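Novice: Here it is: the structure, laid out below.
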Amino acid sequence: MKIVSVYNNFFKNNMFMKMLLIFSMISIVTIITLSYIIFLSVSDSTIRRELAIQKAAMESVDRYIHQQYESVQNMVRDMHQNEALSANISYLMSHTYADYVQHLTNGYYANQDDYSADVLKHFQNIMDRNADIHQLMLYSAERQDMSMFSPNKQFKKLDTSAAHSYIPDVMAMETPNISAPNYWIRKEINEWSPDLYAIRVPINNTQTLRNLGQFLVFFDSAGIGNALDSYESNFKGEIVVLSAKGNVLFDSSSNYYGKKYPYVEVADSLFDQTEMDSMKKEKNMYVNKFVSADQGYVIVATVPVEEMAEAYAGIRNTIISISIISTLFAVLVPAFFIINFAKRTRRIIRFTQKVKYGNLSARIDDTRDDELGQISHSFNDMLDELNLYIERVYKAEIKQKETELVALQARINPHFLYNTLEVIRMRAISQGARDVGEMIYSLSVLFKSLVQQKKNYTLKDEMEACRLYLELFRIRYKDIFTYTIQLDPVHNQHPVVKLSLQPIIENYVVHGIQTERSDNKLSIVVEEIGDVLQVEVRDNGKGIDPARLAEIREELDRPEESGQMFGLRSVHSRLRYLYGPEFGMTIESSLGEGTLIRVRYPHTEGTGV
C-alpha cells in the first residue's frame, strides 16, 4: 500500500518524475551488473594469485622433504662407501653392544678415511650436522634388535624380538619411504612427540646384497616450517603433510598433530595423482593438493573462504565505492536537469492558475530561449495584449486600494534572529562578500547551538561549537591563523559539560593570538587514557608569564569566587563539582612559545550540562 501511495503522490501525474525513475532504474541496474562482473573477474584473479603463492609454498615443502630423503639416502651411501664403517655397522647389527665395544678395543677395524669408522661417532656427527634429526635407529633383521642414537649422545640397544613386540612384523611390511613413526616403535623407544615424521631406508650387505635390516630416521616436523619462511608474509591458510594412512606429518598451524585431518578422505581419493591438482572448494575451504606417490605422502593446503575474501576485500570495497559514486552521479546529474525543467513547468502551470482566477498582472519570469522559455514569452505577450484590450474596452481607471499597514508587535525570539542573520548573510553573498556570509552563517549556527536546549549534550556538540567559533576567526584572520581538530568518531557520543571547551578557545583568541605573526595555530586533540577522556588544547601564541601563570593556577584552585577569570574558572569548577577533584583543567605555558591546556573528563556514563 505504501508503494501505491508513493506512486500516486509523486509519479502518477508527474511526467518528469516518471522519466527520472525509469532512467535511474536503467542506470542503477547497468552499474550494478557491470560492477558485479568486474568484482567476479578481480576476485577470481586475486584467488588464483593467492593459490599460486600457496602452490609455490607447497612445492617448497616438497623440495625440503625430498632433500631430507636424499640426505638419508646419502647417509646409507656413505656407510657403504666406507668399508671400515660398513663393516662396523654390520658387526654392530649382528652382535651385542658389548661385543662391538670389544671388537673396537681389539682393533679389528681399519680407519682408511678422513673420519672415524666408529658407528656411534659417525651417527653423532650426522646429528650434529642436521639439527632436524630427532633420532637415528638401526634395526637388525637377524637379531631382531634395535640400536637407537639420540642427539644428547645417548645410545641404546633394545630387544625387539617377536616375543617382546610387533616391531619385526612392522619392519617386514612394505611401507612408503616417508611416513609417520610407527606406534610400536614409538612405544619401544618411549617417544610420543606428535610432530615427527620418519624416513626409512633398507640396509643390505654390500657383498651378498642380503638385507641386514633397516635404517630409520625420525625428523622434527618443525624443520619443514623453515621451508615456508620466505612465504610467511604472503602465505594464507595452512599447509598439512599427510602420510599414506592419513597421519599428519606436518601442520603449519599445529592444530592437527595427533588428530584426524578433516580433509583426509579428499586426499586419499587423489593419491593416484602425481601433479598439482586443480583447486577445489570443500566445506567453505579452498583446497590445493600435491601428491608424491613415489615417497608416499600428500601435501594439502587449505584456505578458509573468509580468509581468502580478506585478500580482495579492499578491491571489493573500492568497486562498491566507485559503483555508489557512479550511481549517484548517473542519478543526481540527470535529476538536476529534470527537476529544473519540472520546476519551470510547474511555474508555468501556477501562472495559468493565477490567470484563471483573474490575476492578469501575473508574468512568467523566464529569460531562457528554449521551448519552455518561448512558451513563457508567448503567455506574457498574450497577457499584455489582453490588458490593453480590457483598458481600451472599459476605459476605466483602475484605482489602487490603500493597503492597511498593520503593525504586528511580536517579541524577538531566536528563530527571528536566525532568519534575520540568514537574510543578512544572503545579502552579503549576493554583494560578493562571501567571507562575511560565511562568518554570519557560522555565528548563526553557533548561536543556535548555544541557546538550543538538548537533553544529551555530547563531545561532538561541543567540538562543533568550537569549530564554528574558530571558523569565525579563521575567516577574520585569513592567512595568519589555522586550526586542527582530532576527534575519533568513537568518542562522538560521550556526554560532556556544555561550554567546557569553547571558553578556552575564546581565551586564546582574546589573549593569545599574535596578529603580527603569519603562523598562528591552535590544535584540539581528544585521546583516551585509561578511565579518563582527555582533551588537549595547544597553541603557539604569546604564552603566559610564569608569575601570571602561578596566579592563574592559584585562582583556579581558590574555593571562593573572586570575580576574575570567569570563563576558565567556570569550566574548572563545574568539572570538579560534577566529576570530582581529579578532573578539571590543567594549564602549562611558556612565554613566547604557547600554551597547553588539558581538560579531563571521566570515561564513564555521565550527564552533559
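The values are calculated or read from the model by the stated rules, or taken from the named source; none is laboratory data. As the structure is a prediction and not an experimental result, all values here were calculated from the model. Cβ sites come from the backbone with ideal geometry, for glycine too, and all protein chains shown count toward neighbours. Side chains are part of the model used for accessible areas, which takes the heavy atoms of the whole protein and leaves out ligands, DNA and RNA. Shrake-Rupley method; radii C 1.70, N 1.55, O 1.52, S 1.80 Å.
Novice: Give the Cα extents of region 465-609 along the principal axes, in whole Å, largest first.
Specialist: 43, 37, 24
Novice: I've got another one for you. May I ask you to list the chymotrypsin sites (Phe, Trp or Tyr not before Pro) in region 303-372 that are in a DSSP loop and have at most 10 other Cβ atoms within 10 Å of their Cβ?
Specialist: Sites meeting the loop and neighbour criteria: TYR357.
Novice: Okay, moving on. Can you figure out the FRET efficiency of THR367 with THR30, using R₀ = 30 Å and their beta-carbon distance, to the nearest 0.05?
Specialist: Working: r = 37 Å, r/R0 = 1.23.
FRET efficiency, THR367 to THR30: 0.25.
Novice: If ligands, DNA and RNA are left out, what is the accessible area of HIS95 with a 1.4 Å probe, given in Å² to the nearest 10?
Specialist: Counting only protein heavy atoms, the figure is 60 Å².
Novice: Once fully extended, how much extra length lies between ALA52 and ILE324, figured as 0.36 nm per residue of separation less the alpha-carbon to alpha-carbon distance?
Specialist: Additional length available on full extension: 94.7 nm.
Novice: In nm, give the distance between the simple-model label positions of ILE38 and ASN190, each being 7 Å from the Cα along the Cα-to-Cβ direction.
Specialist: Modelled inter-label distance: 6.8 nm.
Novice: Taking the Cα atoms of region 23-111, report the difference between the largest and smallest coordinate on each principal axis, in whole Å and largest first.
Specialist: 103, 22, 15
Novice: Same structure again: For region 20-134, with all protein chains present and a 1.4 Å probe, just round the carbon and sulfur fraction of the accessible area to a whole percent.
Specialist: Heavy-atom surface of region 20-134 belonging to carbon and sulfur, 1.4 Å probe: 56 percent.
Novice: If you add up the charges near ASN380, with Lys and Arg at +1 and Asp and Glu at -1, over every other residue whose beta carbon is less than 12 angstrom from its beta carbon, what do you get?
Specialist: Here the charged neighbours net out to -4.
Novice: For the pair LEU332 and SER590, what calculated FRET efficiency results from E = 1/(1 + (r/R0)^6), where r is the Cβ-Cβ distance and R0 = 51 Å, to the nearest 0.05?
Specialist: Numbers: r = 52 Å, r/R0 = 1.01.
That gives a FRET efficiency of 0.50.
Novice: While we're on this one: Local charge sum around LEU92 (other residues, Cβ-Cβ under 12 Å, Lys/Arg +1, Asp/Glu -1)?
Specialist: Here the charged neighbours net out to -2.
Novice: Also, quick follow-up: Excluding ALA222 itself, calculate the net charge of residues whose Cβ lies under 11 Å from the Cβ of ALA222, where each Lys or Arg counts +1 and each Asp or Glu counts -1.
Specialist: Surrounding charge for ALA222 is -4.
Novice: Then there's this: Using 0.36 nm per residue, how much length does the chain from TYR477 to ILE349 gain when fully extended, once their Cα-Cα distance is taken away?
Specialist: The span from TYR477 to ILE349 would gain 41.1 nm if fully extended.
Novice: Right, another one. For a quick check of your reading of the filter: which chymotrypsin sites (Phe, Trp or Tyr not before Pro) in region 16-116 sit in a DSSP loop and have no more than 16 other Cβ atoms within 10 Å? Mind dumping the intermediate values first?
Specialist: Working: sites: PHE16, PHE23, TYR36, PHE39, TYR64, TYR69, TYR91, TYR97, TYR100, TYR108, TYR109, TYR115; in loops: TYR108, TYR109, TYR115.
Here the sparse-neighbourhood loop sites are TYR108, TYR115.
Novice: When the Kirkwood hydrodynamic radius is evaluated over all pairs of different C-alpha atoms of region 303-398, what value in angstrom, to one decimal, is obtained?
Specialist: Here the Kirkwood hydrodynamic radius works out to 18.1 Å.
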